[in-house]
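Enquirer: Attaching a single structure in structure tokens format; questions to follow.
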Amino acid sequence: MNHKRLAATLLSLALALALPTQSFAQTQAAPDESQLTEHDHYKNKNGQSVHSPAHSANGKIPVGATARCRDGSYSFSQHRSGTCSGHHGVAEWE
């Protein structure tokens, strides 16, 4: 590998490591309980409290929803694995 290619590769790597990244879990906002018909919570694999899948009270996508489940409820999962389990799976990612 020539020096210019090595320098470009190292620069690309340095930029990739320096730039902030947002993961699936970091983009989530807390849902507005008044807009939901169910109010249960569960502890995720990181030990954080997460709102359980719930139906929208006004028919709109709730704030913080990450997916719509096949049963019509909305998930607030912070990890894709297991999202909408017990709700017939994911119909659509939000």
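Taken together, the values in this text are just the output of simple stated rules run on the coordinates, not laboratory data. Worth saying up front: this structure is predicted, and the values here are computed from it rather than measured. All Cβ positions, glycine included, derive from the backbone under ideal geometry; neighbour counts span all protein chains shown.
Enquirer: Could you derive backbone 3J(HN,Hα) for the range 48-53 from the dihedral phi with the Karplus parameters 6.51, -1.76 and 1.60 (θ = phi - 60°), listing whole Hz in sequence and x where the residue is Gly or Pro?
Expert: 8, 7, 10, 5, 5, x
Enquirer: If you take the square roots of the eigenvalues of the alpha-carbon gyration tensor of the range 31-94 and sort them as a ≥ b ≥ c, do you get rounded (a/c under 1.5), prolate (a/b over b/c) or oblate?
Expert: On the way: a/c = 1.76, a/b = 1.18, b/c = 1.49.
Since a/c reaches 1.5 but b/c is at least a/b, the shape of the range 31-94 is classed as oblate.
Enquirer: Rank these for me by crowding, VAL63, VAL50, going from fewest to most other beta carbons within 10 Å. Kindly include the intermediate steps, with their values, before the conclusion.
Expert: Details: VAL63 14, VAL50 21.
So the ranking, lowest neighbour count to highest, is VAL63, VAL50.
Enquirer: May I pose another question? So for the range 31-94: antiparallel DSSP bridges make up what percent, rounded to the nearest 5? Numbers along the way, then the final one.
Expert: Numbers: 10 of 10 bridges.
Bridges in the range 31-94 are about 100 percent antiparallel.
Enquirer: How far apart, in nanometres, would the label points at LYS60 and ASP40 be if each is projected 7 angstrom from Cα along the Cα-to-Cβ direction?
Expert: Distance between the two pseudo-spin positions: 2.7 nm.
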